[in-house]
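Participant: Below you will find the structure I want to go over with you.
Where a number appears in this text, it was derived from the coordinates with a stated rule and is not lab data. What you see is a predicted model, and the numbers here were worked out from it, not measured in a lab. Here the Cβ positions follow ideal geometry from the backbone for every residue, glycine too, while neighbour counts run over all protein chains shown.
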Amino acid sequence: MSKPVLAFVILIAATALESFGDAVVRIGLFSRSGAVQAATLLGGAILLFGYGSLLNLAPVPFERVVGLYIATLFCVWQAVSFTSFRTVPSIPVIAGGLLIVVGGLVVTFWQR
């Protein structure tokens, strides 16, 4: 697998872990109680630890991977938001998201 493809696969996996981890923590904080709440929060913490570990395995310099990561995160976060909370992004969210994606691509791929 080529280095750029591997980096993209790692970023997709990392953003999925972060997005679902954040969603699980939100559910644990606001929709659970007792032992179920503790287990839900622990599950979210494990997902977030996985995201942090995986992101740092991407074979791209950290200052450049962050741009693509943020762009990927925005897209995955919208998908998770829709599947977990049935939230459809508004026009301002879509417009801002396009700016985020373009900015992330510039940070990652603009050659000096």
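Participant: What net charge is computed for the residues neighbouring TYR69, neighbours being all others with C-beta under 13 Å from the C-beta of TYR69, Lys and Arg scored +1, Asp and Glu -1?
Facilitator: -1
Participant: Could you give the length gained on full extension between ILE12 and GLN37, defined as 0.36 nm per residue of separation minus the Cα-Cα distance, in nm?
Facilitator: Values: separation 25, 0.36 × 25 = 9.00 nm, distance 2.75 nm.
Extending this stretch completely gives an extra 6.2 nm.
Participant: Now for a different question. Between the alpha-carbon centers of region 42-112 and region 1-36, tell me the distance in whole angstrom.
Facilitator: That distance is 11 Å.
Participant: How much net charge surrounds GLY52 when only other residues with a Cβ under 15 Å from its Cβ are counted (Lys, Arg +1; Asp, Glu -1)?
Facilitator: Net of charged neighbours comes to -2.
Participant: Looking at region 1-101, which trypsin sites (Lys or Arg not before Pro) are DSSP coil and have at most 11 other C-beta atoms within 10 Å of their C-beta?
Facilitator: Loop-located and lightly packed - ARG86.
Participant: Additional query: The list (1) 14.3; (2) 15.0; (3) 15.3 gives values of Kirkwood radius over Cα pairs in Å, and only one came from this structure; which label was calculated from it?
Facilitator: The calculated read-out lines up with (2).
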